[in-house]
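Below you'll find the structure, written out as C-alpha cells, and then a few comments.
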Amino acid sequence: MSATILIVEDEYAVARGVQYALQQEGYAVTVARSGEEGLEFATQQAPDLVILDVRLPGMDGFEVLRRLRSTGSKAPVLFLTARDDEVDKVIGLELGADDYLTKPFGLRELMSRIKALLRRAYGDLSDAVGGRIIRHRDLVIDLERRRVQRGDRRIALTATEFDILRHLASRPGRVYTRPELLELIRDYEALDQDEKTINVHVSHLREKLEDDPADPAFILTIRGVGYAFAER
Ligand code: CA
C-alpha cells in the first residue's frame, strides 16, 4: 500500500499527465473533474494529499479547500494556479494551502513538492512510499520497521499487538475470526491460550490507537464473528 493522492482538475490532459506520473512513482491516484466531485472524493476516501486546481467549473479550488478544512481534514494541499493573481490569492487568503505550483509546471518539480509535503505531514515514514506502508486516515503502519504512528505521535505496540494490527489492516474489511487471529499469533503466545486472549489484545490495541476505544474507528467488532479493520 502507498500514499493516496487526489487530483482535482478539470483539464483532462493535465489531470492524466499528473496521474500517470504519480502512478509511476507508486502512489495510488484518484482524479476528480470538478470541485463538487473533488470534495466528495476527499470526504469519502480521506486521501493523504490533495492536488487542487484553483480554476474549476462550479465550486472553485478555494471553496473546495475551505470546505475540506471545515470537515476537519488536515491532508496537505498543493494548489495548481494559472495566473499570478491566483498566486496572490493563495498566499493572501491563508486558507491552509500547503504549497502551490504555477502552470505550466514540470513533473519533476511537482514530484519533489509532493514528496516534501508528505514528509512534512507524515514524518519520515513517507519516504517509504510504494513500500510496505499501510495508511488509514492519520494512522500509518510501517510493516518493515514495525512502527506505528498517528499523525506525529509514535505508538508503542507489543509484538502480538503489532501482528494482530498488521493482519487486520493489510486487508481492510476482511473479517478475521478469533480462532484465525489466535492461529496467527501462536509464535508469541503459550499454546493453551484461548480465544479470549484475542479480545484482551484488541482491547489494548484500541486503547493505544483509537480516539474513543468504546467507539472504534480502526478496529471494528463484527458481532458474533470477530474483528475487521475499517475500510476507507
Ligand atoms: Ca482548471
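The values are calculated or read from the model by the stated rules, or taken from the named source; none is laboratory data. Source: prediction; values computed, not measured. Note that each Cβ is placed from the backbone with ideal geometry, even for glycine, and that neighbours are counted across all protein chains shown. In case anyone asks, the SASA skips ligands and DNA or RNA and just uses the protein heavy atoms, side chains included. Shrake-Rupley method; radii C 1.70, N 1.55, O 1.52, S 1.80 Å.
Quick notes
- Most to least packed among 220-227, 71-78 [average Cβ atoms within 10 Å]: 71-78, 220-227
- Fraction of beta bridges assigned by DSSP in the chain that are antiparallel (%, nearest 5): 50
- A simple packing score, the average count of other Cβ atoms within 10 Å per residue, orders the peptides 34-43, 102-111 as 34-43, 102-111, with the highest score first.
- As a fraction of the 1.4 Å probe accessible area of the chain, surface on carbon and sulfur atoms comes out at 47 percent.
- Between R120 and R66, the simple label model (points 7 Å from Cα in the Cβ direction) yields a spacing of 2.3 nm.
- Taking other residues whose beta carbon is less than 9 angstrom from the beta carbon of L117, and scoring Lys, Arg as +1 and Asp, Glu as -1, yields +2.
- Within region 156-229: Cβ-based charge dipole about Cα centre, in debye rounded to nearest 20 (Lys, Arg +1; Asp, Glu -1): 260
- Per-residue packing, averaged as other Cβ atoms within 10 Å, sorts the ranges 155-167, 51-63 into the order 51-63, 155-167, beginning with the highest.
- Once the Cα atoms are used to define both axes, helix 61-70 deviates from the longest principal axis of the chain by about 30 degrees.
- When the chain is described by a simple charge dipole with +1 on each Lys and Arg Cβ and -1 on each Asp and Glu Cβ, the residue from A116, T158, A42 located farthest towards its positive end is T158.
- Think of a 1.4 Å ball rolled over the protein heavy atoms: region 4-127 then has 48 Å² of accessible area per residue.
- Note on region 28-68 and region 152-187: Cα centroid distance 33 Å, given to the nearest whole angstrom.
- Net +/- balance of residues flanking D48 in space, Cβ distance below 10 Å, scoring K and R +1, D and E -1: +1
- Radius of gyration over Kirkwood radius for the chain, both on Cα atoms: the Rg/Rh ratio is 1.05.
- Cα-based helix-to-principal-axis angle, 196-209 vs the chain, degrees rounded to 10: 30
- For the chain, the Cβ-based charge dipole about the Cα centre amounts to some 320 debye (Lys, Arg positive; Asp, Glu negative; other atoms uncharged).
- Folded to 0 to 90 degrees: helix 107-122 orientation relative to the chain principal axis, Cα: 40
- Around the amide H of V8, modelled in the peptide plane, lie the amide H atoms of A32, I51, L52, D53, all under 5 Å away and 5 or more residues distant in sequence or on another chain.
- Separation of the Q23 and D212 label points, Cα + 7 Å toward Cβ, nm: 3.9
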